[in-house]
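The values are calculated or read from the model by the stated rules, or taken from the named source; none is laboratory data. Just so we're clear, the structure is a prediction, and the values are computed from it rather than from any experiment. Quick reminder, even Gly has a Cβ in these numbers, built from the backbone with ideal geometry, and neighbours come from all protein chains shown. Protein only, heavy atoms only, side chains kept; ligands, DNA and RNA dropped before computing areas. Shrake-Rupley method; radii C 1.70, N 1.55, O 1.52, S 1.80 Å.
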Amino acid sequence: QVQLVESGGGLVQPGGSLRLSCAASGRVFRFDHMAWYRQAPGKQREFVVSISSSGTTNYADSVKARFTISRDYAENMLYLQMNSLKPEYTAVYYCNAAYASTSYWGQGTQVIVSS
């Protein structure tokens, strides 16, 4: 079993920054890819950014140049540096990891961007 635990969310003012972390534990693999998704109140969960096992990244257009994903393979950690945050980025952010045909999810961490 794989467990993903997100941390680093909180309340931040518009224009501020946050760094989210995702710790993988349990039967940890070299995941095919890892990703961040988010779900805003009243909306469906949406893709934010992913990183493959080779380090290839893919960003949603809405976060390009503001967010940076990184991965520590040795420590089984995933990070999301979020800069220049906007109120519309308020959401629960979820960590996702995929291996073979199985997808794993964390419980999410709340990010609130508000003055």
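Can you tell me the accessible area per residue over the chain, all protein chains present, probe 1.4 angstrom, in square angstrom? List each step's numbers first, then the result.
Numbers: 6060 Å² over 115 residues.
That works out to 53 Å² for each residue.
Excluding the sites themselves, what is the longest stretch of the chain that contains no trypsin sites (Lys or Arg not before Pro) in a DSSP loop with at most 13 other C-beta atoms within 10 Å? Mind dumping the intermediate values first?
Working: sites that count: ARG27, ARG30, LYS43, LYS64.
Segment 65-115 is the longest.
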So for the chain, averaging the separation of alpha carbon pairs under 8 Å that are six or more residues apart and normalising by length, what relative contact order in percent results? 37
Residues whose modelled amide H sits under 5 Å from the amide H of LEU85, counting only those 5 or more places away in sequence or on another chain, are GLY15, GLY16
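Tell me the net charge near VAL111. Cut-off is 15 Å between Cβ atoms, VAL111 excluded, with +1 for each Lys or Arg and -1 for each Asp or Glu. Spell out each step's value before the answer.
Working: positive: ARG19, ARG38, LYS43, ARG45, ARG66, LYS86; negative: GLU6, GLU46, GLU88.
Spelling it out: positives minus negatives among the neighbours equals +3.
Please list 6-18, 80-92 highest first by mean number of surrounding beta-carbon atoms within 10 Å per residue.
Values: 6-18: 14.7, 80-92: 17.3.
Result, highest mean first: 80-92, 6-18.
Could you please report the charge total around THR90, scoring K, R as +1 and D, E as -1 over all other residues with beta-carbon less than 12 angstrom from its beta-carbon? Let's see the in-between values first.
On the way: positive: ARG38, LYS43, LYS86; negative: GLU88.
After counting each charged neighbour, the total is +2.
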